[in-house]
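Structure first, then comments.
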Amino acid sequence: MAPSNNMDAFRELLASSRHIVAVAGAGLSAASGIPTFRGAGGMWRKYNAISLATPEGFKANPSLSWQFYHYRRETALRAQPNNAHRALSAFSLPTIRQQISPGSTFTLITQNVDGLSQRSNDQIAAMFPEEGNTADEKLQLIEMHGKLFDVSCTAKDCRHVEYNTKSPITEALGGTELLVEHGTLDPDIPLEDLPRCSKCGSLARPGVVWFGERPFHLDDIDKLVEKADLCVVVGTSSTVYPAAGYAMEVQENGGKVAVFNLDRSEGDEEADYLFLGPCEETLVQAFG
Ligand code: BJW
Ligand code: ZN
């Protein structure tokens, strides 16, 4: 059966669901001016993903890779959460969620590394300081592909991770975001001028998950997906595993799936609900 686009019916489902997970991708941050990876204007069309965003590419030329991530950090620093982030953040707040979906749990599992969902959660939580959002009911957010602002030591005997929003992250990278935009990266920034571990001085790398690497918090995610009775899929092409498999897993366990995406995406014909359009509009209707 084709997926339904009946928003009232979806809101009824939301009201009666017990354990809700949302799986988000780059489309969630598109309205904040963060480019997506695939499709028109996608970063993987413009840049060579293999040389910039893989462990092998980083090893072969950390100068190129760091310029790409410096550019991404600068873009994310300048961006602001949009209405789609805010709709999910508000739903994460127990006091608001109880009105829409009494007694339910909710976790946002995002593939995004831009930190915008965390910033949105912090902003919304600050608006409701006293509202019974106790420690064990904290906003639930899992950044499974890591964070652009985590800087991670490459030395096997150190592995120190530091949260760092410095702009530029090192002097030598300052201004190279313009080279990235013009597609003229400098392959020769000396290793000693790239970000280094503050503990042991070794070369540091961006704290993100590249192909072939284990995503973060997989054990927690597996437990959440196993018990979920509703999976909300937002702004992802659903081509990258394991995230791409969560919706089907929820459905196989008898749960429902609702997809919010600009265009058709992988597997969306199997969904119970499909809302095509910008998620910064459709999520507000669904969760507002
Ligand atoms: C809008 C919108 C608007 C636009 N509103 N919508 C099983 C089968 C086959 C392969 C594998 C498998 N399991 C694992 C693999 C290998 C691999 C994989 O999936 N390969 C596939 C390509 C086939 N996966 C991995 O390697 C993962 N690791 C792993 O599984 O490890 C297992 C392990 C276990 C134990 C030990 C060791 C290993 C890791 C994947 C890492 C992905 N990394 C990246 C880069 C992160 C750093 C960085 O940002 O640079 O993550 S790749 C890139 O893709 C990024 C994203 O998070 C990810 C997903 O992209 P996303 O978010 O879906 O973006 P787009 O652009 O594809 O889609 C955007 C969508 O939004 C579009 O549909 C638009 O229409 C829509 N949109 N505007 C709503 N306004
Ligand atoms: Zn170190």
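Read-outs throughout are calculated quantities, based only on the coordinates presented, and are distinct from any laboratory measurement. Values in this document were obtained by computation on a predicted structure and should not be read as measured data. A quick note on method: Cβ atoms are made from the backbone with ideal geometry, for glycine too, and the neighbour counts reach across all protein chains shown.
Numbers at a glance
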| quantity | calculated |
| --- | --- |
| Radius, Kirkwood style, for the chain when every pair of distinct Cα atoms is counted (Å) | 19.8 Å |
| Hits among aspartates and glutamates - C-alpha to C-alpha of residue 227 under 16 Å, sequence gap 8 or more where chains match | 219, 249, 252 |
| Kirkwood Rh, Cα atoms: Rg over Rh of region 178-288 | 1.13 |
| Highest-MSF residue in the chain out of 156, 199, 227 [GNM, Cα springs under 10 Å] | 156 |
| Normalised convex hull volume, region 1-65, alpha-carbon set, Å³ per residue | 185 Å³ |
| Degrees between helix 218-227 axis and first principal axis of the chain (Cα, 0 to 90, nearest 10) | 10 degrees |
| Over 21 Å (Cα to Cα) - which of 156/223; 147/256; 223/256 fall in this group | 156/223; 147/256 |
| Mean-position separation - Cα centroids, region 1-47 and region 172-234, in angstrom | 22 Å |
| Dipole of region 177-249, positive end: most advanced residue of 215, 235, 178 [Cβ charges, Cα centre] | 215 |
| Rounded to 10°, Cα long-axis angle of helix 62-78 versus longest principal axis of the chain | 50 degrees |
| Sorted by Cβ neighbour density within 10 Å, fewest at the top, the residues 85, 70 | 70, 85 |
| Expected-Rg normalisation [2.2 N^0.38 Å, Cα atoms] applied to region 55-175 | 1.29 |
| Charge dipole of the chain about the Cα centre (unit charges at C-beta), most positive-ward option of 160, 89, 288 | 160 |
| Formal net charge of residues neighbouring residue 166 (Cβ-Cβ distance under 15 Å; K, R +1; D, E -1) | -1 |
| Local electrostatic count, residue 216, Cβ distance below 12 Å [Lys/Arg +1, Asp/Glu -1] | -3 |
